[in-house]
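What follows is a set of notes on a single structure, which appears directly below.
Read-outs: derived from the displayed coordinates by stated rules, not from any lab. Predicted model, so just to flag it, every value in this text is computed and none were measured. Glycine also receives a Cβ, built like all others from the backbone with ideal geometry; neighbour counts cover every protein chain displayed.
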Amino acid sequence: MNEAAITLDGWYALHDFRSIDWASWKLVSAEERQAAVEEFIAYLEKLNEADVAKTGAHAFYAIVGQKADFMIMTLRETMDELQELEAEFNKLAIADFTIPTYSYVSVVELSNYLAGESNEDPYQNPHVRARLYPELPRAKYVCFYPMDKRRQGNDNWYMLSMDERKSLMRSHGMIGRGYAGKVKQIITGSVGFDDHEWGVTLFADDVLQFKKLVYEMRFDEVSARYGEFGEFFVGNLLDKEKLVKFLTV
Ligand code: VOV
């Protein structure tokens, strides 16, 4: 059997995409709408308490295009908490006017492809911890897509030796490093959890950097030869003020 990469696993992740049923939302009285918006804001503020306490993190973005109207991404210590938060959202008044369009369940993952030899417990290393339990930046834009590594004929990632995969991942990492300070990436593993193998969540203040990074990576062997991609979602940061405007009809 080929050698599997060893993964370090951090917070569990839920990406929850919803569309709004605008026709029904418009039929509700202004008072009811206001109450629903306030309740929604209180829910988001409660999510943010975990960000402040560093027991989790969340991101909230308006999605551009017809795939969804907004996305709430939550990171938590347990899968149980993610499900509880999802159920809590579903009980909000605003949820009656949303249509679930897509969701993704995964866990923040680091592989050992580029890790050096060490006897220390990686879970105690502050740099590793910062990546496994990441703060989600309030960047202006988000990009999310699920992906797989190909398993077809001669292009089978899982049949490559550990050394071959290490060398390919090194090249991948080098391209990524060129985007330091411009794009923050969170890679979440989803084998056994969802329909693809990884979720890729990117944050940036310049939306064009997503296109530049993803395009450049397409020419790198890991993506060119072995990358298979699901649907792409791109969105704009929603703060309280923008949310109120967004839900005003
Ligand atoms: C912002 C840029 C950026 C940077 C710096 C970066 C670096 C790194 C490093 C150093 C490593 C390996 C060690 C680890 O940390 O796990 C990875 C790992 C991974 N990546 Fe990456 N990646 C980036 C960005 C980045 C993008 C844009 C994509 C999507 C690919 C594309 O074509 O659209 C991606 C994918 C992945 C995946 C799926 C994995 C896991 C692969 C596996 O088989 O386990 N990644 N990645």
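So here's what we get for this one:
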{"quantity": "Segment Leu208-Ser118, extension gain: residue separation times 0.36 nm, minus the distance between their alpha carbons", "calculated": "28.6 nm"}
{"quantity": "The range 1-51: C-alpha gyration tensor shape, a/c 1.5 cut-off, then a/b vs b/c", "calculated": "oblate"}
{"quantity": "Pairwise label distance in nanometres, Glu231 with Arg129, each label 7 Å out on the Cα-Cβ vector", "calculated": "3.8 nm"}
{"quantity": "Among Leu14, Leu44, Leu114: highest mean-square fluctuation, GNM of the chain, C-alpha pairs under 10 Å", "calculated": "Leu114"}
{"quantity": "Electrostatic dipole magnitude of the range 1-156 [Cβ: Lys, Arg +1; Asp, Glu -1; Cα centre; debye, to 20]", "calculated": "620 debye"}
{"quantity": "Within straight-line cross-link reach of Lys184, lysines at Cα separation under 20 Å, skipping those fewer than 8 residues along the same chain", "calculated": "Lys54, Lys140, Lys211, Lys212"}
{"quantity": "Given charges at Cβ of Lys, Arg, Asp, Glu: the chain dipole, positive-most of Phe40, Tyr123, Pro134", "calculated": "Pro134"}
{"quantity": "FRET efficiency estimate (nearest 0.05) - Cβ-Cβ, Asp96 to Thr7, R0 41 angstrom", "calculated": "0.60"}
{"quantity": "From phi via Karplus (6.51, -1.76, 1.60), per-residue ³J(HN,Hα) for the range 142-159 in Hz, x at Gly/Pro", "calculated": "10, 9, 10, 7, x, 8, 10, 9, 4, 9, 9, x, 7, 9, 10, 3, 6, 9"}
{"quantity": "Computed helical MRE - 222 nm, the chain, DSSP H runs ≥ 4 contributing -39500 (n - 2.57), nearest 500", "calculated": "-11000 deg cm²/dmol"}
{"quantity": "Extension gain from Arg138 to Thr78, taking 0.36 nm per residue of separation minus the Cα-Cα distance", "calculated": "19.3 nm"}
{"quantity": "Size of charge dipole - the range 77-119 - debye, nearest 20, with Cβ of Lys, Arg +1 and Asp, Glu -1, no other charges", "calculated": "200 debye"}
{"quantity": "Neighbour-count ranking [beta-carbon atoms within 10 angstrom, fewest first] of Val142, Val52, Val244", "calculated": "Val52, Val244, Val142"}
{"quantity": "Long-range HN-HN contacts of Tyr102 with modeled amide H, under 5 Å", "calculated": "Phe17"}
{"quantity": "Cα-projected label distance for Lys240 with Asn156, points at 7 Å along beta-carbon direction, nm", "calculated": "5.6 nm"}
{"quantity": "Translational D in µm²/s for the range 61-159 (Stokes-Einstein at 4 °C, 1.567 mPa s, Kirkwood Rh from C-alpha pairs)", "calculated": "75 µm²/s"}
{"quantity": "Per-residue Cβ neighbour rank within 10 angstrom, fewest leading, Val37, Val183", "calculated": "Val37, Val183"}
{"quantity": "For the chain: relative contact order, % (alpha-carbon pairs under 8 angstrom, 6 or more apart)", "calculated": "27 percent"}
{"quantity": "Rounded D (µm²/s) - the chain, Kirkwood Rh over Cα pairs, Stokes-Einstein at 25 °C, 0.890 mPa s", "calculated": "126 µm²/s"}
{"quantity": "DSSP-assigned coil residues among GluC sites (Glu not before Pro) in the range 1-108, each with at most 10 further Cβ atoms within 10 Å", "calculated": "Glu3"}
{"quantity": "For the range 37-108: relative contact order, % (alpha-carbon pairs under 8 angstrom, 6 or more apart)", "calculated": "26 percent"}
{"quantity": "Cα-centre dipole for the range 75-228 with unit charges at Cβ (Lys and Arg positive, Asp and Glu negative), debye to 20", "calculated": "760 debye"}
